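The values are calculated or read from the model by the stated rules, or taken from the named source; none is laboratory data. These figures come from a predicted structure and were not determined experimentally. We place every Cβ from the backbone using ideal geometry, glycine too, and count neighbours over all the protein chains shown. These area figures cover heavy atoms from the full protein model, side chains too; ligands, DNA and RNA do not enter into them. Shrake-Rupley method; radii C 1.70, N 1.55, O 1.52, S 1.80 Å.
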There are 2 protein chains.
Amino acid sequence: MEAWFRYNWMVRDQWYQWCEELPHEELIRQRTGGTGSLLKTFFHIADVEWSWIQQLQGKPDELEDYEQYQTLERVKELDRRFRAEVEPFVKEWEESMETRPHYSGNAEGDADIYSWGEVMRHIIAHEIHHIGQLSVWAREIGKPPVSANFIGKGLIKPRV
Amino acid sequence: MEAWFRYNWMVRDQWYQWCEELPHEELIRQRTGGTGSLLKTFFHIADVEWSWIQQLQGKPDELEDYEQYQTLERVKELDRRFRAEVEPFVKEWEESMETRPHYSGNAEGDADIYSWGEVMRHIIAHEIHHIGQLSVWAREIGKPPVSANFIGKGLIKPRV
């Protein structure tokens with residue numbers, strides 16, 4: 001599980017670096033699909049990851065107001081703050097947590113029941129999906145996207 | 001591991017269904033980013049998944065020629081054929097395979113060494129990334145994309 005989160009954090013950090021070379025207008029420009037902009041995508045990824053991990057722990061998970069995070073620096077700050085809270089939980093993940101139930105309030109006023117393992121994979125897939133969207137926008141801008149490769153990052157060392 | 005592959009196969013099948021309502025020209029239309037078209041994306045996802053699984057097993061993995069798969073029906077046929085070979089391997093996955101080394105020839109004529117666990121996650125992330133690209137193209141076409149949610153699909157049952 002930790003390898004997946006480390007993968008997402010590495011790729012996310014590489015995208016932040018990729019963004020450093022872009023003018024601010026490109027970061028907030030309205031685009032088709034996804035969250036509608038590069039900057040909002042990063043905000044959304046960090047926010048959703050943190051909120052679910054907070055929920056699993058029974059901690060408050062009020063979503064942050066995007067209006068307060070209108071620069072790359074501000075979003076990166078939020079991300080650093082969130083990651084410091086998410087990382088210890090991920091590091092302590094163990095097999096026995098996979099099927100632990102999580103009760104999540106739904107729009108009908110009932111609760112959906114998910115396993116913790118499902119929620120963790122939902123967080124992981126959520127980020128990879130949004131990063132895929134960025135890769136299309138990158139080509140529209142005319143800049144090669146960051147690699148999405150899982151291999152080659154030394155995330156799970158082979159026994160040799 | 002199996003839950004991840006089942007997730008990808010469910011989402012992929014939902015996208016095939018989504019495509020049924022589109023005229024053929026939309027499937028092969030050149031688009032920005034990714035593999036360049038909806039149809040080629042599905043071909044590429046199925047092909048890459050199968051090739052890696054073949055490689056891990058030391059079986060031949062010659063990539064198919066996309067020119068031979070120019071309709072949704074043909075790609076779905078190929079996918080069914082590949083999936084029948086991939087599924088048994090995925091079902092028999094176990095923890096001890098995670099760090100088993102895989103030697104993969106690289107462009108420099110050497111071999112990169114990856115763990116099997118890395119390769120499996122590479123296959124999984126590869127599909128989710130490309131599906132993210134489809135979601136942008138879907139909005140360009142004006143059709144809501146298939147949900148990328150991992151939760152709500154009953155993939156890992158909670159212990160209740």
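A few notes on this one:
- Picking from residues in region A:95-112 that are under 17 Å from A:D61 (Cβ atoms) and touching a helix residue (DSSP H, G or I) at 6+ places or on another chain (Cβ under 9 Å), the one that is surrounded by the fewest Cβ atoms within 10 Å (Cβ to Cβ) is A:S104.
- Listed by position, the helices (runs of 4 or more DSSP H) enclosed by region B:1-92 that each have at least 2 residues that are under 24 Å from A:A125 (Cβ atoms), touching a residue at least 12 places away in the same chain (Cβ under 8 Å) and open to solvent by less than 70 Å² (accessible area, probe 1.4 Å) are B:2-20, B:38-56, B:72-91.
- Here region B:116-148 is the region considered, the condition is being part of a helix (DSSP H, G or I) and of a type in the set (D, E, K, R), and the residue that is farthest from the other protein chains (Cβ to nearest Cβ) is B:E127.
- Selection count where residues are within 13 Å of chain B (Cβ to nearest Cβ) and on the phi < 0 side of the Ramachandran plot, scope region A:13-43: 8
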